[in-house]
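These notes are about the structure you will find just below.
The values are calculated or read from the model by the stated rules, or taken from the named source; none is laboratory data. Every value quoted in this text rests on a predicted model; they were computed, and no experiment measured them. No Cβ is skipped: glycine too gets one built from the backbone with ideal geometry, and neighbour counts run over all protein chains shown.
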Amino acid sequence: MTQAVVSHVGKSAAHGHYVSDIFIGSKGAWSRYDDAIVTTLGDASQAQAKDWPSQGYIFVYAHDSCLVKS
């Protein structure tokens, strides 16, 4: 299960900005951290369809056995 995605937003590797999308398990939703601004994305489909395929840089996965069940 994807737990976090770091994306590069910019025209080249030398210029741009990084944002992080983090899955908050207790809320069952994704949040985007862009410097001091935090935006709720809801489910992964919005970010995944728009940003991750073209701008995803680092993908963090966790096996279900590693996740704390609440």
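Name the residue that is modelled with the lowest pLDDT, counting only residues in segment 38-60 that are out of contact with any helix residue (DSSP H, G or I) (no Cβ under 7 Å at 6 or more places or on another chain) and crowded, with 16+ Cβ neighbours inside 10 Å.
Step one: filter segment 38-60 for residues out of contact with any helix residue (DSSP H, G or I) (no Cβ under 7 Å at 6 or more places or on another chain), giving 38-40, 42-60.
Subsequent filtering for residues that are crowded, with 16+ Cβ neighbours inside 10 Å retains 44, 47-48, 51-52, 55-56.
Details: A44: 72, A47: 63, Q48: 72, D51: 77, W52: 81, Q55: 84, G56: 86.
Only one residue fits best here, namely A47.
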Cβ-Cβ distance below 9 Å, separation of 6 or more or different chains: which pairs start in segment 40-61 with a residue that is farther than 16 Å from Q3 by Cβ and end on one that is at pLDDT 75 or above and not in a strand (DSSP E or B)? T40/K27
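Count, please, the residues in segment 25-37 that happen to be of a type in the set (V, I, T) and either assigned to a loop (DSSP other than H, G, I, E, B) or surrounded by 11 or more Cβ atoms within 10 Å (Cβ to Cβ) (or both). Write out each step before concluding.
The initial filter retains those residues of segment 25-37 that are of a type in the set (V, I, T), namely 37.
When the remaining residues are screened for being either assigned to a loop (DSSP other than H, G, I, E, B) or surrounded by 11 or more Cβ atoms within 10 Å (Cβ to Cβ) (or both), the result is none.
Selection size over segment 25-37: 0.
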Qualifying positions in segment 3-18 - assigned to a strand (DSSP E or B) and more than 17 Å from Y61 (Cα to Cα): H8, V9, G10, K11, S12, H15, G16, H17, Y18
Looking only at segment 19-47, which residues are closer than 15 Å to V60 by Cβ and of a type in the set (S, T, N, Q)? S20, S31
Restricting the search to segment 6-23, which residues are over 15 Å from T40 (Cβ atoms) and touching a strand residue (DSSP E or B) at 6+ places or on another chain (Cβ under 8 Å)? V6, S7, H8, V9, G10, G16, H17, Y18
